[in-house]
Amino acid sequence: MPIHISIFVPLRKFAKMSVRTWQNDAYKYVILSVLIKKMQHFIFFIGILCMVFRKDNGKIFSTLQSKKMLKKMEEIVKQLNNTFSNKSTEEVLKYFLKEYKGEIGLSSSLSYEDQVLTHIICSIDKTAKIFTLDTGRFFPETYSLIDNTNMRYGIHLQVYFPDFKRIEEMVNEHGVNLFYESIEKRHLCCQIRKIEPLKRALKGLKVWITGLRRSQSVTRKNMKLVEYDKDDNIIKLNPLINWSEDDVKLFVKKNNVPYNRLHDKGFPSIGCQPCTRAVKEGEDIRSGRWWWEDPEHRECGLHQRN
Ligand code: SF4
């Protein structure tokens, strides 16, 4: 057989076979192309999602998760408020101290209110965590009160200090009394001296007890007995939320609770020495704190971080 016939016969056969196979499978390609056309929006959407997730490093997913958790915590807090809003302070504290033993703590500023809470807590469970944040700028009277409280109740208030390196940097850059210069500098000082140590103190806790009262200031009028602090992912318990100033003073007197002697000298609310002054009779009780600022700004950030 001539050479050209021996090559072209099988080639022709193959070509014919391929065309036949293609004809047999044609309907499959038609269906596939219709499906792709129908699903093109879906495929496009999935592609965009993949790109976003890759770029976002999964942040969207965690945002969705934290939204779900926030909703769940809001429901828990709502239930707790419904259950305990008509109970006495002692009843509320008894329940929470038992239910969250080892995971609950009082942050005490050594105020009248925190001394009342220390008294009640110690009558229920002396092992409960009670801590204070020593900013390094306290009044001498406040330091004396730490000792007096420890002696009276047979406890050891846990004292948290700021990071000395950050204090050094701040003071060397802005001066010792930077807080008078601007709100930003005041917040920086509160952040370093109070908020960072607070975060350390709250680590591992599920419930944070505070001595906040609704009538203390304009910034506290909407507070509830139980709140969820999403910044620290913790339940905030404010057992004195409905107490008046007179209620607090009466309790202190009746129970001989140790208190800061500055209260007798016209200081209704006591914080750091350079940021607190005495107020006149009838003046707002928080007006002696950061008195050079507008009332809406007079929080240190411990309870208002949003
Ligand atoms: S209250 Fe004043 S001194 Fe104390 S941390 Fe805040 S700014 Fe600093």
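The values are calculated or read from the model by the stated rules, or taken from the named source; none is laboratory data. Worth saying up front: this structure is predicted, and the values here are computed from it rather than measured. All Cβ positions, even for glycine, are placed from backbone atoms using ideal geometry, and neighbour counts span all protein chains on display.
Tally up the residues in the stretch 176-208 that are of a type in the set (A, V, I, L, M) and touching a Pro at 6+ places or on another chain (Cβ under 7 Å), please.
Of the residues in the stretch 176-208, the ones of a type in the set (A, V, I, L, M) are 176, 178, 183, 188, 192, 195, 198, 201-202, 205, 207.
Checking which are touching a Pro at 6+ places or on another chain (Cβ under 7 Å) leaves us with 192.
Result for the stretch 176-208: 1.
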| request: Tell me, please, whether a residue that is modelled with pLDDT under 95 and out of contact with any Leu (no Cβ under 6 Å at 6 or more places or on another chain) can be found in the stretch 110-131. | output: yes
Within the stretch 240-298, restricting to residues that are among the charged types (D, E, K, R) and under 23 Å from GLU181 (Cβ atoms), the one that is modelled with the highest pLDDT is ARG277
Note on the stretch 160-183: residues touching a residue at least 12 places away in the same chain (Cβ under 8 Å) and more than 16 Å from ILE195 (Cα to Cα) are HIS174, ASN177, TYR180
Here the residues within the stretch 181-222 that are over 15 Å from the mean Cα position of the chain (by Cα), under 27 Å from LEU97 (Cβ atoms) and either of a type in the set (A, V, I, L, M) or within 15 Å of the ligand (Cβ to nearest atom) (or both) are LEU212
Taking the stretch 108-154 and keeping only residues that are assigned to a strand (DSSP E or B) and either closer than 22 Å to ARG261 by Cβ or hydrophobic (A, V, I, L, M, F, W, C) (or both), one is left with ILE130, PHE131, THR132, LEU133
By residue number, the members of the stretch 251-293 that are in a loop (DSSP other than H, G, I, E, B) and either without any contact (Cβ under 8 Å) to a residue 12 or more places away in the chain or aromatic (Phe, Trp, Tyr) (or both) are ASN256, TYR259, PHE267, GLU281, GLY282, GLU283, SER287, TRP290, TRP291, TRP292
For LEU110, the lone unmet condition from (1) touching a residue at least 60 places away in the same chain (Cβ under 8 Å); (2) touching a Pro at 6+ places or on another chain (Cβ under 8 Å) is (2)
